[in-house]
Amino acid sequence: MFSRLSSRSLGASARYGSSPAGRVVAVRSVQLDAEKTSLSQARFASSKASTRASLSNNALPITFALISAGSIAWYTHLYGSIPFLPEASANTPAEDGLHPTHYPWSHSGILDTFDHSSIRRGYQVYREVCAACHSLDRIAWRNLVGVSHTADEVKEMAGEVEYEDGPDDAGEMFQRPGKLSDYMPRPYPNEEAARAGNAGALPPDLSLIIKARHGGCDYVFSLLTGYVDPPAGVEIREGMNYNPYFPGGAISMARLLFDGLVEYPDGTPATTSQMAKDVVTFLNWAAEPEHDSRKRIGMQACIILSALTAISLYVKRFKWAPIKSRKLLYTPPK
Amino acid sequence: MALPARAISFKPYNLAVTTRTLPSGVPIAPGISLYAKGYGVDHGHGHGHGAARSDVPPSWTSGVRLGGSNFESKTPLLTIPPFLMGESSCTAPVSRSVHTSSQVPAPSPSPYAVPDWSHYKTENPSMNRAFSYFMVGSMGLLGASAAKATITDFLATMAASADVLALAKVEVSMSAIPLAKNVIIKWRGKPVFVRHRTEDEIKEARSVNIKTLRDPQTDEDRVKRPEWLVMLGVCTHLGCVPIGESGDYGGWFCPCHGSHYDISGRARKGPAPLNLEVPPYDFNDAEEKIIIG
Amino acid sequence: MALTDTLYNALFRRNSIFVSSIFVGAFGFGLAFDTATNRFWDNWNKGKQWKDIRDKYVTPAGADEE
C-alpha cells in the first residue's frame, strides 16, 4: 500500500513539474505524502480510539465550521441568495423588465453584413413613424448614400427639408433647402420642447439607441412588438402604456407599429414584426455605420494574423532546433 | 513479459537516470515520468509489498501493438539493472519510450552511449533548404503586407474626415451668373471669386506678356474654360479680400495695401507677391454647375 | 530536386534579391489577398449589400457618381 500510494502521488505531483522549481515542489510533496501515508497506516493499524482523540482535539475548528455553515444556510434561507455573491438588487423582475428573446438577425454572424434592403425599409419606417418624435442627430444625409439610397435620392430627400443657414452678406440668417452634408432634421428644437410635447417624457435620440440599451437589437425589437394589456393587478397611469420589456413596465411611448402602417415600395408585407425588424436593422446601422467593413477587416486580420502566428512558430522552432539539440563534446587532451 | 505468442523479440533499452543537484541541494532528475507505479503490487489488502516478482517488470509496464507496418512497443517503465544503479534503487521507475521503428542498438554496455539518430537526417537537403527559406520568406512577406496595411490605415487617419469632405464641395449654378459678372461664394470659410468673363476680357488676359509679370503664369494655366475664372478671393499679400472690377488692370484691387490684380487674377502692382490662388474645381455640364473642391 | 534548387538559386541565394522579392511579393500578395477575401465576402453576403441592390434604385439616366 505504501508503495502504491506514494508512487501515485509522485506521479500526480511530477505531472506539473516542468520547470526546475516545479520539480522541487514535486520532491517536497513526495516527502510529505510519504509521511502522511505512514501516519494513516499507523492510525488504521491501531483502533478507533485515535479517531475519537482527533475529534476532541479539533473541537474548536469543527465548531466554527458548523457555525459558519449554519449562518450561511440561515442567510440563504432568509434572503434567498447565497451571501458574498454580488446579487444585491432592489429590483423585482418586473422592474428589470422582461429579458428579450434572442432573434436571428441577418447581421448576427461574425461574417454577416447588414441586410441593406432592410436598412432602406427601416429608414422609411423611421421617417414615417419614429421621426415624428425621435431625433437622429448623428446621422447626416450623406451617410445614407451608398448604404440604402443613391446620391440622387438622398439629395432629393434632403432638399425637401429647410435648414437655417447664414449669416449672409447682410448678416441675416436665411432658410435654404438641405444638402448632403446636413444632419437629419430633429422633430423638436430642444429638450424642453420635446418634453412638453410628450407629457414630460423625453423621446431619446435614436442614433446610438441600439448600443445604448441592454440587449441591443433584441431589446428594441421586443419593445416595439411587445405591447400587451397590463396583467391583472398592474395599474398603469393615464397616458402610460404597459410593455413587459420596458424596465418598470410603464412606458410613455404608445404602440405605434400596426400591420400595414407603411407601404413598402419593394412589396414586402408591412407587418408589425417586419417593420420592427427593419427599423431595428436601420437603427443598428445608425449606431454602427462601420459594422460591415469592421467585420470584413476583422476577417482579413484574423486570417493574416493566424497565418503569421503559425509561420512564426515554425520559424522559431527552425531557429532554435539546432541550438537546443546540439551536443557539446569535450575531447580531453592526451 | 506477457507478450503474445507471435511477439517480436523485445529488448529493453536502458538509460541511466540523469540526476543533478540544484544549488539548493535538492536532487532533480529531469525528463523522468513518474506516472508509473513501482513493481510492488499489493492486492488491496494493505499488507505491503505484493507477490509480483521483483526481478520481472509487470505486464502493465509495456504494451505491444501492431501499428502500421511493424510492431510498436511503448514501454513507460523499465528496470535499471542492479549492477548499474545499486541494489537499493532497482525499483526506481524509469521512463523511456522505445519503439522498434527507431533503430536503437541492443542494450548498450555503456549507459552514456548516444543512440543512432542518423535516420533523422534528411535525404533531400535542397528541399529542406528551399522550404526553410520559403517559410522565412513567407513570414517576411505576410509581415510586410500587414505592416503596409497598418501604416496605410494610420496615414489614412491624417486625411480629412468624411464630414469635412462633405462640406468641402460647393456647387455653383453656371446659369445663375450672367456674362461679365462676379459671384463670391463661401468655400471652406474662404471667399471664392467666380467670374463669367467676356470675350474681350479673355483676349486681354491672354495678350499679356507673362515675362513682365511678377509671378509668371499664362491665363491658359489658370482657367479650365476661358469664360469661367475661379479663384480664391484672398489677397496673397496679407489675406484681405480684394474688390472686384476695380484696380488699374480691370481686375481686382485689394483695399488694404493696394495690390492690383488683372482680369486673370494675376498680381500686377502693389505688394502682392503671387497671383490669386486657383482652387480645385470641376464642371458638371449635365446640371450646369461648377463644383468647387 | 531541380525545382527547389532553381527556387533557391533564383530567389534565396542573394539576400538582396530575397529581401526585395519579399517586398515586391508583399504588394502582390496584398492585392491578391484583398481580392480573394473580398470575393469571398461578397459571395457570403450575396444579396445583402448595397452593391447588390443598387441596380434597383439608380435612375436610368445614371447621373450619380457616388
**Report entry** Length gained when the stretch residue A:59-residue A:81 is fully extended (0.36 nm per residue, less Cα-Cα span)
**Finding:** 5.0 nm
Report summary line: Whole-Å distance linking the alpha carbon centroid of the stretch A:181-229 with that of the stretch A:70-142 is 14 Å
**Report entry** Listed residues B:196, A:77, B:119 arranged by accessible area, highest first, probe 1.4 Å
**Finding:** A:77, B:119, B:196
Query raised in the report: So what is log10(I(q)/I(0)) for the stretch A:220-277 at q = 0.16, 0.28, 0.31 1/Å, when the Debye sum runs over its Cα atoms only?
Result: -0.54, -1.10, -1.25
**Report entry** Extension gain, residue A:255 back to residue A:307 (0.36 nm per residue minus Cα-Cα distance, nm)
**Finding:** 13.6 nm
Report task. Could you work out the Kirkwood radius for the stretch B:170-292, taking every pair of different alpha carbons, averaging 1/r and inverting it, reported in Å? Result -> 14.4 Å
**Report entry** Rough spin-label spacing in nm, given labels placed 7 Å along Cα→Cβ, for residue A:111 and residue A:320
**Finding:** 3.3 nm
Query raised in the report: Which ³J(HN,Hα) values in Hz, rounded to whole numbers, follow from the phi angles of the stretch A:201-213 under the Karplus curve 6.51 cos²θ - 1.76 cosθ + 1.60, where θ = phi - 60° and Gly and Pro get x?
Result: 8, 9, x, x, 5, 9, 4, 10, 5, 5, 6, 7, 10
Query raised in the report: So, with a 1.4 angstrom probe, what is the percent of accessible area on the stretch B:170-292 that is carbon and sulfur?
Result: 52 percent
Requested in this report: Send over the semi-axes of the stretch A:140-182's equivalent ellipsoid, whole angstrom and largest first, taken as the square roots of 5 times the C-alpha gyration tensor eigenvalues.
Outcome: 25, 9, 6
Query raised in the report: Using a probe radius of 1.4 Å on protein heavy atoms only, what is the accessible area buried between chains C and A, both sides summed, to the nearest 100 Å²?
Result: 1900 Å²
Query raised in the report: Past the 30 Å Cα-Cα mark, which pairs from A:155/C:46; A:179/C:56; A:155/B:203; A:211/B:289?
Result: A:155/B:203; A:211/B:289
Query raised in the report: Ordering A:165, A:115 by how much accessible area each has at a 1.4 Å probe, largest first, what is the list?
Result: A:165, A:115
**Report entry** Per-q log10 I(q)/I(0), the stretch A:250-328, q = 0.24 Å⁻¹ (Debye; single scatterer per alpha-carbon; no solvent)
**Finding:** -1.09
Query raised in the report: Any idea how far the Cα center of the stretch A:237-301 sits from the one of the stretch B:216-240, in Å?
Result: 52 Å
Query raised in the report: To the nearest 10 square angstrom, how much accessible area does residue A:308 have with a 1.4 angstrom probe?
Result: 30 Å²
Query raised in the report: Computed on protein heavy atoms with a 1.4 Å probe, what is the summed buried accessible area for the chain pair A and B, in Å² to the nearest 100?
Result: 2400 Å²
Query - For residue A:139, residues with placed amide H under 5 Å, excluding near neighbours - result: A:184
Query raised in the report: So for the pair residue B:225, residue B:209, with labels modelled 7 Å out along Cα→Cβ, what separation do we get in nm?
Result: 3.3 nm
Requested in this report: Using R₀ = 41 Å, calculate the FRET efficiency as 1/(1 + (r/R₀)^6) where r is the Cβ-Cβ separation of residue C:17 and residue B:159; round to 0.05.
Outcome: 0.70
Query raised in the report: So if we plug the beta-carbon distance of residue A:201 and residue A:102 into 1/(1 + (r/R0)^6) with R0 = 25 Å, what FRET efficiency do we get, rounded to 0.05?
Result: 0.30
Requested in this report: Kindly report the accessible area of the stretch A:140-182 per residue (heavy atoms of protein chains, probe 1.4 Å, no ligands, DNA or RNA), in Å².
Outcome: 52 Å²
Query raised in the report: Which ³J(HN,Hα) values, rounded to whole Hz and listed in residue order, are derived for the stretch A:155-170 from phi using the Karplus coefficients 6.51, -1.76 and 1.60 in 6.51 cos²θ - 1.76 cosθ + 1.60 with θ = phi - 60°, glycine and proline given as x?
Result: 4, 5, 5, 5, x, 7, 9, 8, 10, 7, 9, x, x, 7, 4, 8
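The values are calculated or read from the model by the stated rules, or taken from the named source; none is laboratory data. Values in this document were obtained by computation on a predicted structure and should not be read as measured data. When we count neighbours, we look across all protein chains shown, and the Cβ atoms used for this are built from the backbone with ideal geometry, even at glycine. To get the accessible areas, we keep the full protein, side chains included, count just its heavy atoms, and leave off ligands, DNA and RNA. Shrake-Rupley method; radii C 1.70, N 1.55, O 1.52, S 1.80 Å.
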